[in-house]
1. In which sequence would 61, 49, 27 go, from the one with the fewest C-beta neighbours within 10 Å to the one with the most?
2. Restricting to Cα pairs below 8 Å that are 6+ residues apart, what does the relative contact order work out to for segment 200-302? Please round to a whole percent.
3. Among 234, 126, 58, determine the one that fluctuates most according to a GNM of the chain built with springs between C-alpha atoms less than 10 Å apart.
4. For 123, 104, what ranking results if the residue with the fewest other Cβ atoms within 10 Å of its Cβ goes first?
5. Given the Cα-Cα distance of residue 122 and residue 42 and 0.36 nm per residue of separation, how much length would full extension add, in nm?
6. Quick check on the chain: what does the Kirkwood estimate of hydrodynamic radius come out to from the alpha carbon pairs, in Å?
7. Using the basic label-point model (7 angstrom from Cα toward the beta carbon), what is the residue 28 to residue 407 distance in nanometres?
8. Using only the Cα atoms of segment 1-107, what semi-axes does the equivalent ellipsoid have when each is the square root of 5 times a gyration tensor eigenvalue? Give whole Å, largest first.
């Protein structure tokens, strides 16, 4: 088997958020086989990449994306044929890989076909972990129907609504969770509070009862996986964590009590600061409904403080973006926003090992270590000293599963 040798690069240790090196990283197949300070003699057929002056990072991980939401104009999206949405999703996934993200967790909307397209080489994208359709109560964040749409005629129905399914009552939640898991979901997502991109739920609304939340958690645990919860308010966060939810998404209105509850339970926070910035800046231009743009003001400025509160409480803080449609190109701006409350090295650690821990994959990704998956990003310079090398990447070597892609600078 031929090898790939990355020689003389500084290596980011995501467990300590520091640089080590120079080091030589050896890749055989789709695995890293060694990382060391001593030179490795090359043999015939080795591919040698001189990494002098570069930093070798673990492949970046975005723990909250929506690759199936191909436009912010929700009204138009509903009328797009499946073929158009699939092609749009493929372009979004390819863009993510070009920005250094080798693994992403879709938090609602991506189906098994997109995962299969990547696995079969039809789409050159990151590893795609899916939650399937998110679970929402009627009138919750996953319910995209306006007040003018008639309700369901039978309480036993579980209806699809955009990127979610509407399931009311513990039995319906249980059935909906089982269905997502049957279709290969990596984890289950529940909508535990109101949200921005839905018309009838105020942000302060605490959705789902403890019994409903617990039903989702039990079904996930039976499949040896976990539940992530969209939640803004302290009450919604505490209710979700007490039900056994492992990952709180957004959490913009987090307070000290909720953060301490999370820390005690070992629950993580996945902030998504860039999506609120993007909605405020570009929502109108990209066709986001006016009611959604108006809602974002309630959480825009609070997100940064929620990260500070979580860190002070000892909560594991990951990295997500939650961008929609045309805004996906802004994905790497999350590094700049997060660097206002954390050091660049800490933000990179959040987007690598912390996210791998949240996904339950810390033994496979998020580290540059012998035995881990050969997902790496080679960056010219030192992003721990200059985060703009990631916020505005201008030429990356991205290695996913041992296969190298070179993305040239837009200035070349």
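The numbers here are math on the coordinates, done by the rules we state, and not lab data. None of the values given here were measured: they were computed from a predicted structure. Glycine also receives a Cβ, built like all others from the backbone with ideal geometry; neighbour counts cover every protein chain displayed.
1. Working: 61 30, 49 19, 27 24.
By the 10 Å Cβ count, ascending, the order reads 49, 27, 61.
2. Details: 123 pairs, mean separation 22.4, N = 103.
Across segment 200-302, relative contact order equals 22 percent.
3. 234
4. Numbers: 123 22, 104 29.
The most exposed by this proxy come first: 123, 104.
5. Working: separation 80, 0.36 × 80 = 28.80 nm, distance 3.29 nm.
Stretched out fully, the residue 122 to residue 42 stretch lengthens by 25.5 nm.
6. On the way: mean 1/r = 0.0465 Å⁻¹.
Value: 21.5 Å, from the Cα pair sum.
7. 3.0 nm
8. On the way: eigenvalues 294, 53, 20 Å².
Rounded to whole Å, the semi-axes are 38, 16, 10.
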